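Note sheet for the following structure.
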Amino acid sequence: MLNVAILISGRGSNMQALIDACAQDNFPARIVRVISNNPDVQGLERAKEAGIETAVINHRDYDSREDFEDAIDAELNAAGAKMICLAGFMRILDSRFVNRWKNRILNIHPSLLPSFKGLHTHERALEAGVRYTGCTTHFVRPEMDDGPIIMQAALAVNPDETADQLASRVLRLEHQIYPETLRLVALGRVRAGDKKAHIENAAFPEEGLISPSLSEK
Ligand code: GRF
């Protein structure tokens, strides 16, 4: 059983998806702590409702990033965490912390990495006119939104939709791939290389349609 801590900064819907997955019979991971850097967020309420121990480690209470991250590290160790899932955690983690937890930090990002790293991914995807977008789970490396990709899910962009509409469609995919990623990692089926991750015995879906196509009306 893999002991996992989740780091959040906000509403915590991905955290909820991980909590729900861990509550299922035979899921190979359990959540031992939810840590938020913001004291008043919905994610903390959700974690408490699920009976999970929470901690607030507010970056504003620390003089330096190092001190803030050392406090997180101490909390993770006190909780017995062996793996970290970032789930909408909005602080950049320093290379010292990331390397200490090398290959033991997972993240989800709302784009098909390496496209659209950073914020406002859906606005930027719509502006760029890409035909597909989606979400990515990956091992965390010191550079932002970088690291070996584990899973991705894609959908066709409707150029007429708003960024919010696109975000909510991508979010539904996030809630599918993040628990599945954690399951594969917890089962020891994912090997992180320097640049790429390898999934043992991965099954590959059929090729999809090329979008957009002319409708036959
Ligand atoms: C998600 O879109 C996630 O991919 C990104 O931040 C958002 C967090 O949403 N990293 P939630 O807090 O999980 O609802």
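The values are calculated or read from the model by the stated rules, or taken from the named source; none is laboratory data. In this text, all values refer to a predicted model and were calculated from it rather than measured experimentally. Don't worry about glycine lacking a Cβ; one is built from the backbone with ideal geometry, like all the others, and counts go over all protein chains shown. Just so you know, the surface numbers come from the protein's heavy atoms only, side chains and all, with ligands and any DNA or RNA stripped out. Shrake-Rupley method; radii C 1.70, N 1.55, O 1.52, S 1.80 Å.
Quick notes
- The portion of the accessible surface of the chain made up by carbon and sulfur, rounded to a whole percent, is 47 (1.4 Å probe; DNA, RNA and ligands excluded).
- Projecting the Cα atoms of T162, A81, L119 onto the charge dipole of segment 44-163, computed from C-beta unit charges around the Cα centre, puts A81 farthest toward the positive end.
- Applying both filters, DSSP loop and at most 10 other Cβ atoms within 10 Å, to the trypsin sites (Lys or Arg not before Pro) of segment 103-157 eliminates every site.
- Taking segment 115-194 and dividing mean pair separation by its residue count, relative contact order in percent (alpha carbons under 8 Å, at least six apart): 30 percent
- Under a Gaussian network description of the chain, with springs only between Cα atoms under 10 Å, the residue in Y132, Y62, Y178 that fluctuates furthest is Y62.
- Estimated [θ] at 222 nm from DSSP helical runs (n ≥ 4, -39500 (n - 2.57)) normalised by residues in the chain, nearest 500: -10000 deg cm²/dmol
- Relative to its Kirkwood radius, the Cα radius of gyration of the chain gives an Rg/Rh of 0.98.
- Share antiparallel - DSSP beta bridges, the chain, percent rounded to 5: 45 percent
- For V157, nonlocal amide neighbours, meaning residues 5 or more places apart or on other chains whose placed amide H falls under 5 Å from its own, are Y132, T133.
- Exposure rule at most 11 other beta-carbon atoms within 10 Å, DSSP loop GluC sites (Glu not before Pro): the chain longest free segment: 1-142
- The angle between the Cα long axis of helix 13-22 and the longest principal axis of the Cα atoms of the chain comes to about 70 degrees, rounded to the nearest 10.
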